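The structure follows.
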Amino acid sequence: MPTDLLKSAWTPGLLPHPATAPPAPLTVTVTAFRPHRMADLPGIHGAARALAARWTELEGAYGMWLWALPLSRRVGSVAVWRDEAALRDFIGWPPHVEIMRTYRGRGALTTTSWRSETYDPEDIWTRARTFLEHPRREPKSEDLGRPDDPKETP
C-alpha cells in the first residue's frame, strides 16, 4: 500500500457501533475517485466532509472512514452498512446524488463491496487496501462485488 494513505477517524452512523451490535452480516463498500484535475480535490474533500457530517441521518449506516492518497490524487471512503438495501438507500440519498452529479465526468470512480459475517476493522482495511493497490477496470454492475471484483464508472 502506498505510504501516503491518510485515513479519517471512524464516522458513526445512526446504527450502534458494529462492534457492540448484535452479530449479523454486514455490507462493506470501498469507493475510490481519481479526479482528472488536481484543482477538484479541495471541493471533493469539502463535499465528502459535508456528507460525513450528515452520516447519522442514514438509517442503515453503521459508519465510515474517509481516506486519501494525495500523491496519487485518489480519495474515497470505506463504509459499513446494515445490508445491501441500506447501501441502495444511500446511493439514492439526495445529498449523495447531488455530489455524484457535480463530479460526474470529472474523474474515474471505482467501487467494490462485500458481505462480512463480523465487524473486523483490521480485516476491512486489509481488503480495502488490496482493492486500492490493485483495482481492475471493469464495467459497473448493480451486483455487489468482491474485493477481487471491483466495479468502475467513468
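Look through 81, 93 and report the one residue that is of a type outside the set (D, E, K, R), open to solvent by less than 30 Å² (accessible area, probe 1.4 Å) and in contact with a helix residue (DSSP H, G or I) (Cβ under 9 Å, 6 or more places away or on another chain).
81
For the list (1) open to solvent by less than 20 Å² (accessible area, probe 1.4 Å); (2) at pLDDT below 90; (3) more than 22 Å from residue 112 (Cα to Cα), I need the number of the one condition that residue 14 fails.
The failed condition is (1).
Which of the residues belonging to the range 66-77 are open to solvent by 20 Å² or more (accessible area, probe 1.4 Å), in a strand (DSSP E or B) and more than 29 Å from residue 20 (Cα to Cα)?
Listed by number, the list holds a single entry, 74.
Also, quick follow-up: Any chance the range 42-65 includes a residue that's touching a Pro at 6+ places or on another chain (Cβ under 7 Å), part of a strand (DSSP E or B) and aromatic (Phe, Trp, Tyr)?
Yes, there is a match, as at least one residue in the range 42-65 is touching a Pro at 6+ places or on another chain (Cβ under 7 Å), part of a strand (DSSP E or B) and aromatic (Phe, Trp, Tyr).
Right, here's the next one. Scan the range 101-118 and tell me whether some residue there is more than 14 Å from the chain's Cα centre (by Cα), outside any helix (DSSP H, G or I) and hydroxyl-bearing (Ser, Thr, Tyr).
yes
The values are calculated or read from the model by the stated rules, or taken from the named source; none is laboratory data. As the structure is a prediction and not an experimental result, all values here were calculated from the model. All Cβ positions, glycine included, derive from the backbone under ideal geometry; neighbour counts span all protein chains shown. Protein only, heavy atoms only, side chains kept; ligands, DNA and RNA dropped before computing areas. Shrake-Rupley method; radii C 1.70, N 1.55, O 1.52, S 1.80 Å.
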